[in-house]
Amino acid sequence: RPREICILSRDRVTNYEMERGARNHSFKAVGRARQLRSNMSVGESILWECIRRDKIGFKFRRQVPIGPYIVDFYCPEVSLVVEVDGEQHQNQTVYDSKRDMYLRSKGIHVLRLPSLDLCGGVANQWIDVIQRRCEELRAL
């Protein structure tokens, strides 16, 4: 497995480990992603504890800059983004659909989960959905 290699240029960070469009993000995005990693929502924290360290057989990264966006969770092996949608996403459907179109154009699949489901005790069902989706994408 290749080590993570970053090349820093004047205005970009290129991460060779992340394929299919998950590169060319700004230094500002990297700083913002670090900030988001330390301030995750309750739903994101619950999901992270369930999928971190290959617990479901796939490695995920959290708060990953991809192009102009920062995604909640990303599995580079199968190019899957998992987004935890809180209440604020009800008011930004246009932004979310534009973001999803950008990610799809880079060959990245998007799975959106409602935050309330993760906090409401249905997290295990969503973990099964994520694992099945990863397995489907690996088989492609």
Given the criterion in contact with a Cys (Cβ under 6 Å, 6 or more places away or on another chain) and open to solvent by less than 40 Å² (accessible area, probe 1.4 Å), identify the matching residue among F73, F60. F60
Consider only pairs whose beta carbons are under 8 Å apart and that are at least six residues apart or on different chains; among these, list those whose first residue lies in the range 41-62 and is without any contact (Cβ under 8 Å) to a residue 60 or more places away in the chain and over 14 Å from L116 (Cβ atoms) and whose second residue is surrounded by fewer than 19 Cβ atoms within 10 Å (Cβ to Cβ) and of a type in the set (D, E). K59/E77
Contacts under 9 angstrom Cβ, first residue in the range 95-111 being more than 13 Å from C75 (Cα to Cα) and in contact (Cβ under 8 Å) with a residue 60 or more places away in the chain, partner open to solvent by 60 Å² or more (accessible area, probe 1.4 Å) and part of a loop (DSSP other than H, G, I, E, B), 6 or more apart: K106/R20
Residues within the range 63-116 that are hydrophobic (A, V, I, L, M, F, W, C) and over 21 Å from M40 (Cα atoms), tallied: 5
Wholly enclosed helices (runs of 4 or more DSSP H) of the range 87-140 bearing at least 1 residues among the aromatic types (F, W, Y) and exposed (fewer than 15 other Cβ atoms within 10 Å of the Cβ): 93-105
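The values are calculated or read from the model by the stated rules, or taken from the named source; none is laboratory data. A quick note: this is a predicted structure, and the numbers were derived from the prediction, not measured. Cβ coordinates were reconstructed from backbone atoms using ideal geometry, including for glycine residues, and neighbour counts include every protein chain displayed. The area values use the complete protein model at the heavy-atom level, side chains included, leaving out ligands, DNA and RNA. Shrake-Rupley method; radii C 1.70, N 1.55, O 1.52, S 1.80 Å.
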